[in-house]
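Let me begin by handing over the structure; questions about it come next.
Just so it is clear, none of the values below were taken in a lab; they were calculated from the coordinates. These figures come from a predicted structure and were not determined experimentally. Here Cβ is always computed from backbone atoms with ideal geometry, including for glycine, and neighbour counts include all displayed protein chains.
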Amino acid sequence: MKREILVTDDGSVTIHLPEWNEQYHSKHGAIAEAMHVFIETGLEHWIYKNPKQEISILEIGFGTGLNAFLTSLEAIKKNLQINYSGIEAYPISDKEIEQLNYATLLDASDEAFLKLHQSSWGASSEISQNFILTKREQFFSEINDSELYNVIYFDAFGARVQPELWTETVFKLMFEALKPNGVLVTYSAKGSVRRAMQAVGFVVERLPGPPGKREMLRATKVEILS
Ligand SMILES: C[S@@+](CC[C@H](N)C(=O)[O-])C[C@H]1O[C@@H](n2cnc3c(N)ncnc32)[C@H](O)[C@@H]1O
């Protein structure tokens, strides 16, 4: 499928899929969206609730590596120990990576960003003392992890273009992959998505969305104590 680079409202770039009229991030700001949905509403919420320094994160759709990059910078800033697994079936090309301007905009080094992309698929790589990355080239439907993660960044393309990824079948895999009290965050606020999450056992909150979006969802695997 054809992919083009697009500049979003906060100056950060994203990838546009003309055939689907879909982007890897919000047109209202790729960095702004990722910071709000995944870092502030996902990672920071989990840290607030569980003041431990060791966190394991699963990302659904590694894509440009923006969420991984922001998370690796937070890990250093807050002295966290993060184990991060990114799932991706269609890795982006070196030419696309070169055009991503995240390091410049975030006042970080290009090397730190490139390290994420240069790390091997299917193996764990120490990106920094605070951040271990495991990139897995596979389809989301192939995930069969059990109780491994504290936080899931659910960043698939929208239900308009990939409805099969926003179903009870997929959220069941996500529920299983989370540890008790783990949280899943996503930019979507669709009623059908919320109901699919609830059907597999999540407790779901509707929260303020990133720029250009009224709401987003956070789903928690509430631990049931007997
Ligand atoms: C919205 S983009 C992810 C954006 C990414 N989080 C970032 O920061 O750039 C969705 C990603 O899911 C990948 N993808 C789409 N369908 C998939 C599938 N069935 N299994 C695995 N990856 C898939 C796409 O290639 C794309 O990279």
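If you take all C-alpha pairs in the stretch 1-103, what percent of them are over 20 Å apart? Write down the numbers at each step before the final one.
Working: 2117 of 5253 pairs.
Tail of P(r) above 20 Å: 40 percent of Cα pairs.
Follow-up. Name the residue farthest towards the positive end of the dipole of the chain from the options Val13, Gln198, Trp121, assuming +1 on Cβ of Lys and Arg, -1 on Cβ of Asp and Glu, about the Cα centre.
After comparing all options, I get Gln198.
Along the positive direction of the dipole of the stretch 73-226 (beta-carbon charges: Lys, Arg +1; Asp, Glu -1; about the Cα centre), which of Tyr90, Leu100, Leu225 reaches farthest?
Leu225
Based only on Cα atoms, what mean projected area does the convex hull of the chain have, in nm²? Please list the in-between numbers first.
Values: hull surface 46.6 nm².
Its Cα hull, projected and averaged over all orientations, spans 11.7 nm².
Per residue and in Å³, how big is the convex hull formed by the alpha-carbon atoms of the stretch 172-226? Intermediate results must be reported in sequence, preceding the final value.
Details: hull volume 4.2 nm³, N = 55.
Dividing the Cα hull volume of the stretch 172-226 by its residue count gives 76 Å³.
With +1 on each Lys and Arg Cβ and -1 on each Asp and Glu Cβ, and nothing else charged, work out how big the dipole of the chain is about its Cα centre, in Debye to the nearest 20. Write down the numbers at each step before the final one.
Working: 22 positive and 30 negative charges, 145 e Å.
For this selection, approximately 700 debye.
Where the centre of each part is set by its Cα atoms, how far does the stretch 54-117 sit from the stretch 1-51, in angstrom?
12 Å
Given the pairs Lys95/Lys179; Lys115/Lys172; Lys2/Lys115; Lys2/Lys221; Lys115/Lys190, which span a C-alpha to C-alpha distance of over 30 angstrom in this model?
Working: Lys95/Lys179 37 Å; Lys115/Lys172 32 Å; Lys2/Lys115 26 Å; Lys2/Lys221 37 Å; Lys115/Lys190 35 Å.
Too far apart for the 30 Å limit: Lys95/Lys179; Lys115/Lys172; Lys2/Lys221; Lys115/Lys190.
Out of the DSSP beta bridges found with both residues in the stretch 95-226, what percent are antiparallel (nearest 5)?
On the way: 14 of 19 bridges.
Once the DSSP bridges in the stretch 95-226 are tallied, antiparallel ones form about 75 percent.
Restricting attention to the stretch 56-154, which trypsin sites (Lys or Arg not before Pro) occupy a DSSP loop and are surrounded by at most 14 other Cβ atoms within 10 Å?
Values: sites: Lys77, Lys78, Lys95, Lys115, Lys135, Arg136; in loops: Lys78.
Those that pass, being in a loop and sparsely packed, are Lys78.
Please report the antiparallel percentage of DSSP beta bridges with both residues in the chain, rounded to the nearest 5. Numbers along the way, then the final one.
On the way: 20 of 42 bridges.
Bridges in the chain that DSSP calls antiparallel: roughly 50 percent.
Give the residue from Gln162, Asn181, Ile152 lying farthest towards the positive end of the charge dipole for the stretch 143-190; charges sit on Cβ (+1 for Lys and Arg, -1 for Asp and Glu) and the dipole is referred to the Cα centre.
Gln162
Quick one: Thr186, Thr220, fewest Cβ neighbours within 10 Å first, how do they rank?
Ranking Thr186, Thr220 by Cβ neighbours within 10 Å, fewest first, gives Thr220, Thr186.
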